[in-house]
Every structure is written in structure tokens, then in C-alpha cells.
Amino acid sequence: MILGLAAVAWCYSPWGWYPRGLEARTLRDPSILDPNDPLQSEAVKLADQLVHDFPDEVEALFIRGLILNKFVSRDEASRCWEACVRHQPDYAEPYYWLGRELFKKGEYEQAVAHLRKAVELNAPQPDVRIQLADALLSLNRADEALPVLHEQIRLAPDETAGFFYLGQAYFALDQLDLAAEHYRQALDLNPGCHQAWHGLARICQRRGQAEKSREYLRRFRVFEAKFFARHQETKRRTFGDEGTLEGTLATAYIDAGRLYYAREQLDSAEICWRRAGELDPRNAESRVLLVGLCQEQDRAADVVALLEELRRVEPANPIHALALGSHYAALGQYDRAEKELSQVIAIAPERGEGYAALADLYLRTGRKVTEAAPLARKAVALQPVAENYFVLARACAKAGDRAGTLTAISRAVELDPGNPEYQRFRDQCIGGPKHE
């Protein structure tokens, strides 16, 4: 079992149950644990269980490092990640996390080496290039940061950080026009980026534009105060915030569950994902994963219960109402299906999925068939994709509108020519197979 708050001191015995395999599976100094912290105890027990169940898998040791980093010791976490890269030098994520930790310690040269390796290996973290550029700027190597940051804004043109750090790099190189240009681009994306206002103030100060500098500093202080006010508000939240210990442990259980699921240990995966939901009642990801697992196992009642939980957790997310409505339809509970699919339209009237799904329900059940065609036309107008045209074709056929049927099914086939269902329907409509 993974769950529980049992004492964990026995895990660190030198004659304990650890099989041979990757190192860094025990704490160097178990005395750093707090016996009065049940959340830490649970986190460490999860970390230990992973390396017990997967003694030779680098990914288990990597997740152990993530858990220890938050709940025990950054140094202990780094030991895990160092072991990861020794055993699997092409594993990108440990390089990223090691680089971050080295940066925090002020060991910028080593941080650059690890972060550069993370970039080369395509680490999935969206800020990996930002972290590398920040380390380079800390070493006064702004010229090396420029290509890294230009690649960042190419990959993420809607993200503020790349433009802000480009401003920093150009400022360090005394290219003030380019620095100002990129600070302003950062502010175009996020007018509350207080650091960019500060950057503009410094440029004006260097140019002797005292009045402009004072105005930019005033804006900097206003937005800086708002930033820290939001930060304090975030810290006061109890759940639903990945910055809380509960939210972090929930994320660890989600990662652990993915590992068990990938190794076909489905019972353990389910235990992890359910525990994630208990720790963070507003966590949607764990429930989405459980829905997929229960669907694979044909556990219809569990799927419905989980989808209803998701509707409560994220009531403004139309995808959950759509999934619940579709599932009720598959179970033959048509009144409930209609209610949920109507709710999709109410939540997201600008999206086509709800209109198409409700029209499809009416066509399949023979309920309110006269309403199917208007709904399908609305779906096509909002989202002109093949499946919506197919629903419209069926609705027109049900209404006796042959011209509308042929127009809609022809468009569906044009958009998805490899779909045999669309081809058969078109052939039926025109009285036989069509030979191109």
C-alpha cells in the first residue's frame, strides 16, 4: 500500500528492504525528518514506495527527488537527480531541476552547464530557456543569452518572460533602443510586468530623462505592490493551489500514478489518483485520469460519479458537462443527457460542441427531431468541422431536406475524405456508390 501516515524511520535501516539498484534511495541523514509532520511522513512514504516498487527505474528516482525537494531537503533531492543523470545521461528533466538548484545556490557556471544540457535534450519545462538565460545574465554573459532568448520568443511568442529577459540582456550590452523595445513588448503582453517598468525607468535614467524615469518608477511601484498583494493572497489559499503542501503532494501522487499506470499496475495507479483528489478536493487532473482508467475497465457507475465530481470542481468547464452528457446518453439516461448537453451550450454558447452533441442526441433518440437541424446549423457556423457537417447532414435527412443533406455530407467528405461512415452516408443519399 502507498497510502497512510505510518512512521517511516524503519525505511532507512541499512539492512532494510531496499533491493540493489539505483543509489540515493535512502536519506543521507534521516534525522532531518520531522516526526510531528504527518504530511511530510506521507510524502516520504510515497517516495520510498516508488523506489521500492521500481528499484531500477530512473523515473521513479526522479519523482522521489521532486517529492524530497518540497518536503524534506533540496540537497537530498539533488542527490536523486544526480543519480538519475549518472544512470541515464539523456534524461532531460533532472538536468533542469539540478540547474535550478545550482542557480539558487549561486553556482551559476554549473547551473548553466545543467540547464544547457536540459535545453539540448528538450526538457518539457516551458521556462527552461528562461532559466538558462537568467543564469547566463548572472555571469555577465548577455551575448550568450541572446540566441537562447530569441529561440524562447520564437517558441512562445505570447509569453512575457522572453521579451522581458531580452530587454535585460540588451540593457546589459548597453543596446538601449533594443532593450526598450523588448521591455515594451513585454508590457504589451502584460501591462502589470513591474520589472519591465523598472527596466524602462533605468533606461530613461541613463539617458538623462528624469521626468520619464520618475513616471516609470511610479508605475513600477504600483504594479509591484499589486504583484506582492496577489502573492500574499495566493499563500493564504488552502487548496487548489499547487504552491500549497497539499497541492504539491497531490501532484506527486498524480505523477506516481502515471508511473504505475504506464507499468500496468492499475490498482496502484488508482490508489494514487484517488489520494490526490482527497488531498486537493479541487484537483481536476486526478479525476480526469481516473475517468480514463474506469472507462477502460467498463466501470460505468464510477465514471458517472467522477464526471459529476469534475462538474462540481470546475463548473465553468464545458468539457466536463459534455463528457457527462455523452456518458448518460450511452447509458440510455436521455433526460439527464439532455440536461447536461443543454448545460454545455449555456456554459459555452460560443463553442460548437454542445449544439452538435445535443442535435446528435435528438437524432439518435427520436426526441425533438425538429430541433436537431437548427442546433446542427449553429454548430457548423461556430465550428465548421467534418463531424458537425455530418450531424447537419443527418438532421437535414431526417427533416426531408435532400438538398441540405447533400450539401452538408459533401462538405463532411471534403473535410475528412478518409472517413468511411461519411462516404457510405453520401453514397446512400445519391442512390449508390460514387465513382471518382
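Among the residues making up the stretch 73-102, those that are under 18 Å from GLN40 (Cα atoms) and open to solvent by 30 Å² or more (accessible area, probe 1.4 Å) are ARG74, ASP75. Would you point out the residue of the stretch 52-106, among those that are under 22 Å from PRO126 (Cα atoms) and of a type in the set (Asp, Glu), that is nearest to the chain's Cα centre (by Cα)? Per the stated criteria, the residue is GLU93. Every test in (1) of a type outside the set (A, V, I, L, M, F, W, C); (2) open to solvent by 70 Å² or more (accessible area, probe 1.4 Å); (3) closer than 16 Å to ILE130 by Cβ is passed by GLN205 save one, and that test is (3). Elements of the type helices (runs of 4 or more DSSP H) sitting completely within the stretch 343-436 and holding at least 1 residues that are among the aliphatic types (A, V, I, L, M) and surrounded by 14 or more Cβ atoms within 10 Å (Cβ to Cβ): these cover 353-365, 372-382, 386-398, 402-415.
Sub-8 Å Cβ pairs linking a first residue in the stretch 152-179 that is farther than 28 Å from PRO124 by Cα and open to solvent by 20 Å² or more (accessible area, probe 1.4 Å) to a second residue that is modelled with pLDDT of 95 or more and in a loop (DSSP other than H, G, I, E, B), at least 6 apart or interchain, are ALA172/ASN140, ordered by first then second residue. The number of residues in the stretch 305-322 being open to solvent by 40 Å² or more (accessible area, probe 1.4 Å) and either in contact with a Phe, Trp or Tyr (Cβ under 7 Å, 6 or more places away or on another chain) or under 20 Å from ALA269 (Cβ atoms) (or both) comes to 2. The listed residues are ARG282, ARG230, ARG287, ARG214, and the only one of them that is in a helix (DSSP H, G or I), open to solvent by 60 Å² or more (accessible area, probe 1.4 Å), at pLDDT 90 or above and of a type in the set (D, E, K, R) turns out to be ARG214. Restricted to helices (runs of 4 or more DSSP H) entirely inside the stretch 97-160, those with at least 3 residues that are small (Gly, Ala, Ser) are 108-120, 128-138. For the residues ASP267, ASP255, ASP302, the requirement of being touching a residue at least 12 places away in the same chain (Cβ under 8 Å), surrounded by fewer than 17 Cβ atoms within 10 Å (Cβ to Cβ) and in a helix (DSSP H, G or I) singles out ASP302. Out of curiosity, is ARG64 touching a helix residue (DSSP H, G or I) at 6+ places or on another chain (Cβ under 7 Å), buried (at least 18 other Cβ atoms within 10 Å of the Cβ), farther than 27 Å from LEU245 by Cβ and charged (D, E, K, R)? When the stated conditions are applied, ARG64 does not pass them.
Picking from residues in the stretch 30-56 that are free of Cβ contacts under 8 Å to residues at least 40 places away in the same chain and assigned to a loop (DSSP other than H, G, I, E, B), the one that is surrounded by the fewest Cβ atoms within 10 Å (Cβ to Cβ) is ASN36. Working only within the stretch 180-202, note down all residues that are in a helix (DSSP H, G or I), of a type in the set (A, V, I, L, M, F, W, C) and out of contact with any Lys or Arg (no Cβ under 9 Å at 6 or more places or on another chain). Matches in the stretch 180-202: ALA180, ALA186, LEU187, LEU189. Scanning the stretch 66-96 for residues that are polar (S, T, N, Q) and not in a helix (DSSP H, G or I) yields SER73, GLN88. Checked against (1) touching a Gly at 6+ places or on another chain (Cβ under 7 Å); (2) modelled with pLDDT of 95 or more, PRO374 passes all but a single condition, namely (1). Please verify whether LEU137 is open to solvent by 10 Å² or more (accessible area, probe 1.4 Å), more than 24 Å from the chain's Cα centre (by Cα) and at pLDDT 95 or above, treating the condition exactly as stated. Considered against the rule, which asks whether it is open to solvent by 10 Å² or more (accessible area, probe 1.4 Å), more than 24 Å from the chain's Cα centre (by Cα) and at pLDDT 95 or above, LEU137 comes out as yes.
The values are calculated or read from the model by the stated rules, or taken from the named source; none is laboratory data. In this text the structure is predicted, and so the values were computed from the model without any measurement. Note: ideal-geometry Cβ built from the backbone for every residue, glycine included; neighbour counts use all protein chains shown. Ligands, DNA and RNA are excluded from the accessible area calculation, which covers all protein heavy atoms including side chains. Shrake-Rupley method; radii C 1.70, N 1.55, O 1.52, S 1.80 Å.
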